[in-house]
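For reference, the structure discussed in these notes is given below.
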Amino acid sequence: MIHLFINALAASAGGGLTYVRNVIPSLAEHTDVKVSIAVSPGLREEFRQLTNVEFVCLDLSPVRRFWFEQTKLPELIRRSGANVLLSTGNFALRKSPVPQILLSRNSIYTSADYSRDLRQRHEYWTWGDTHLRALLAKRSIHWADVTVAPSEAFAAEIRKWTGVSVLSIHHGFDRGAFVHNPKPLPEETEAKICAADGALKLLFVSHYNYYRNFETLIRALPLVRREMGNRKVRLLLTCELVAGKNPGEYRPDMAASLIKELGISEMVVGLGAIPYQQLHQLYTRADFYVTPAYTETFAHPLVEAMSSGLPVIASDIPVHREICEEAAVYVEKFSPTAFAEATVRLATSPESAKSMATAGRQRAKAFSWKKHAEQILELARTLVSPSFLQPREIARV
């Protein structure tokens, strides 16, 4: 039996949370695998039904977490009896007591566009902090025995960045698990969506951050309104463009000011954060899914949108093309005009939209958390095989 220790202490928002929420139950289904996992106390509550998983619950700030991981976590792993470590948060243990798989899934460390964006916003502290984290992430790839990226496009970026071999294993999707919760959306959220009935509803699922490129999408809205004539247009956001309402230190001031400057306040509907278990209800209420992100590693909402039958309009970056293939319209990532033209073209061509929705549903079936978990376990078994361990032990001596 293989014993997998998962370090998920960094899972707090976005793709990290989505990954942990889905992969832990998938791994727990394997009777020949023992799973131990380090998580925050809040996330532990989501897995209370998993009785065959051992949890280590710790509530740590990012700085304290990194110190704990490098100094205390190795001893916890030894005591657990695990024989493989899966580090899910971009940073590896420098001296792992067991073979280590690192999941690298933060493309801002390799993105020239993100670095340039921060400087243009005069976010010099964030730029410096990101640069430091990038150095640690780069070193982590050298510390790990194997590094895994969630897409081939991002794996290629990491290989170019580090010179190290990197595997690509797609993240998964489970349609049944995604839609199983029938609990209705909060009344306030429901009221906002109902107020948009009759309008062309564009959906963008993301908390506010810079690399998702909100401003390009906002600039496209008045252009769409002009071309759509009498039909109203609404952009549904799963965040609020208000300081303090989003995780992290990203400041939405520029986006909020741009909305006022363009006179489109009524077009942008800030729904606030939607519980993951209820997101499926939001996808079914929209007409198109849009994303102007200029860097990504996988983009779970694209798969969620395709599975829900939403035509997708996405920025033309390699990750988006890999995930959606023929099930999306791709446009220049920093062009509001291109986004507006693609939106109007799709809105006035029902047959094209229907065809894209069909292609999206089919494409979404290619992603499976069960398959992802099996590939991770296959990799873990390789790392504990005698042919791998013997050279590793000699190297340690």
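The values are calculated or read from the model by the stated rules, or taken from the named source; none is laboratory data. Please read these numbers as outputs of a predicted model, since none were measured by experiment. Cβ placement follows ideal geometry from the backbone for every residue including glycine, while neighbour counts extend to all protein chains displayed.
Residue pairs whose Cβ atoms lie under 6 Å apart, sitting 6 or more positions apart in sequence or on different chains, and linking a residue in the range 293-322 that is more than 20 Å from ASN209 (Cβ to Cβ) and not assigned by TED's automatic domain parsing to the domain that holds PRO350 to a partner that is buried (at least 24 other Cβ atoms within 10 Å of the Cβ) and of a type in the set (Val, Ile, Thr), do not occur here.
Each row is one residue, and each column tells you yes or no for (1) assigned by TED's automatic domain parsing to the domain that holds LEU383; (2) modelled with pLDDT under 95; (3) under 22 Å from the mean Cα position of the chain (by Cα); (4) outside any helix (DSSP H, G or I).
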{"position": "LEU85", "(1), (2), (3), (4)": "yes, no, yes, yes"}
{"position": "PHE91", "(1), (2), (3), (4)": "yes, yes, yes, yes"}
{"position": "ASP113", "(1), (2), (3), (4)": "yes, no, yes, no"}
{"position": "ILE141", "(1), (2), (3), (4)": "yes, no, yes, no"}
{"position": "VAL148", "(1), (2), (3), (4)": "yes, no, yes, yes"}
{"position": "PHE154", "(1), (2), (3), (4)": "yes, no, yes, no"}
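With the structure loaded, tell me whether ILE141 is farther than 23 Å from PHE214 by Cα and touching a Ser or Thr at 6+ places or on another chain (Cβ under 9 Å) or whether it fails that test.
Values: farther than 23 Å from PHE214 by Cα: yes; touching a Ser or Thr at 6+ places or on another chain (Cβ under 9 Å): yes.
Against the criterion (farther than 23 Å from PHE214 by Cα and touching a Ser or Thr at 6+ places or on another chain (Cβ under 9 Å)), ILE141 qualifies.
Looking at LYS201, is it farther than 30 Å from ALA112 by Cα and either without any contact (Cβ under 8 Å) to a residue 60 or more places away in the chain or more than 23 Å from the chain's Cα centre (by Cα) (or both)? Against the criterion (farther than 30 Å from ALA112 by Cα and either without any contact (Cβ under 8 Å) to a residue 60 or more places away in the chain or more than 23 Å from the chain's Cα centre (by Cα) (or both)), LYS201 does not qualify. Applying the set (1) more than 19 Å from THR337 (Cβ to Cβ); (2) buried (at least 17 other Cβ atoms within 10 Å of the Cβ) to PHE204 leaves exactly one unmet item: (1). When every residue of the range 219-237 is checked against the conditions, at least one turns out to be buried (at least 20 other Cβ atoms within 10 Å of the Cβ), assigned by TED's automatic domain parsing to the domain that holds THR337, under 25 Å from LEU346 (Cα atoms) and in contact with a Gly (Cβ under 9 Å, 6 or more places away or on another chain). Consider the range 269-287 and keep the residues that are not polar (S, T, N, Q) and not in a loop (DSSP other than H, G, I, E, B). The one that is nearest to LEU103 (Cα to Cα) is TYR276.
Of all the listed residues (LYS354, LYS370), the sole one being over 23 Å from ARG212 (Cβ atoms), in contact (Cβ under 8 Å) with a residue 24 or more places away in the chain, assigned to a helix (DSSP H, G or I) and among the basic types (Lys, Arg) is LYS370. Of everything listed in (1) aliphatic (A, V, I, L, M); (2) surrounded by fewer than 17 Cβ atoms within 10 Å (Cβ to Cβ); (3) in contact (Cβ under 8 Å) with a residue 40 or more places away in the chain, the single unmet condition for ALA243 is (3).
Can you pull out the residues in the range 186-210 that are assigned to a loop (DSSP other than H, G, I, E, B) and over 27 Å from SER368 (Cβ atoms)?
PRO186, ALA196, ASP197, GLY198, ALA199, TYR208, ASN209, TYR210
How many residues does the range 288-346 contain that are in a helix (DSSP H, G or I) and β-branched (Val, Ile, Thr)? Break it down stepwise before answering.
Of all residues in the range 288-346, those in a helix (DSSP H, G or I) come to 300-307, 318-324, 336-346.
Next, only the ones that are β-branched (Val, Ile, Thr) stay: 303, 319, 323, 337, 343-344.
So the count comes out to 6.
Spot the failing condition for LYS95; the list is (1) at pLDDT 95 or above; (2) basic (Lys, Arg); (3) outside any helix (DSSP H, G or I), and only one is missed. The one condition LYS95 does not meet is (1). Before we move on, is SER80 in contact with a Ser or Thr (Cβ under 7 Å, 6 or more places away or on another chain), surrounded by 14 or more Cβ atoms within 10 Å (Cβ to Cβ) and farther than 25 Å from ILE169 by Cα? Yes. Within the set of pairs 6+ apart or on separate chains, which have a first residue in the range 140-165 that is more than 11 Å from SER104 (Cβ to Cβ), a second that is among the hydroxyl-bearing types (Ser, Thr, Tyr), and C-beta atoms under 6 Å apart? Correct list of pairs: GLU152/SER168.
Given the condition part of a strand (DSSP E or B), modelled with pLDDT of 95 or more and touching a helix residue (DSSP H, G or I) at 6+ places or on another chain (Cβ under 8 Å), answer yes or no: does some residue in the range 261-268 qualify? Explain how you work it out, then say what you get.
Taking the range 261-268 first, the residues part of a strand (DSSP E or B) are 268.
In the following step, the residues that additionally are modelled with pLDDT of 95 or more were identified as 268.
Next cut, touching a helix residue (DSSP H, G or I) at 6+ places or on another chain (Cβ under 8 Å) only: 268.
Yes, the conditions are met somewhere in the range 261-268.
Residue-wise test of (1) surrounded by fewer than 17 Cβ atoms within 10 Å (Cβ to Cβ); (2) assigned to a helix (DSSP H, G or I).
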residue: LEU132; (1), (2): yes, yes
residue: ARG159; (1), (2): yes, yes
residue: VAL164; (1), (2): yes, no
residue: GLY172; (1), (2): no, no
residue: ASN181; (1), (2): yes, no
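Would you say VAL63 is in the same structural domain as SER104 (by TED's automatic domain parsing), aliphatic (A, V, I, L, M), touching a residue at least 60 places away in the same chain (Cβ under 8 Å) and surrounded by fewer than 21 Cβ atoms within 10 Å (Cβ to Cβ)? Against the criterion (in the same structural domain as SER104 (by TED's automatic domain parsing), aliphatic (A, V, I, L, M), touching a residue at least 60 places away in the same chain (Cβ under 8 Å) and surrounded by fewer than 21 Cβ atoms within 10 Å (Cβ to Cβ)), VAL63 does not qualify. The residues of the range 25-35 that are outside any strand (DSSP E or B) and touching a helix residue (DSSP H, G or I) at 6+ places or on another chain (Cβ under 6 Å), listed by number, are SER26, LEU27.
Looking at the structure I just gave you, is GLU249 among the acidic types (Asp, Glu), touching a helix residue (DSSP H, G or I) at 6+ places or on another chain (Cβ under 9 Å) and more than 23 Å from ALA199 (Cβ to Cβ)?
On the way: among the acidic types (Asp, Glu): yes; touching a helix residue (DSSP H, G or I) at 6+ places or on another chain (Cβ under 9 Å): yes; more than 23 Å from ALA199 (Cβ to Cβ): yes.
Answer is yes for this residue.
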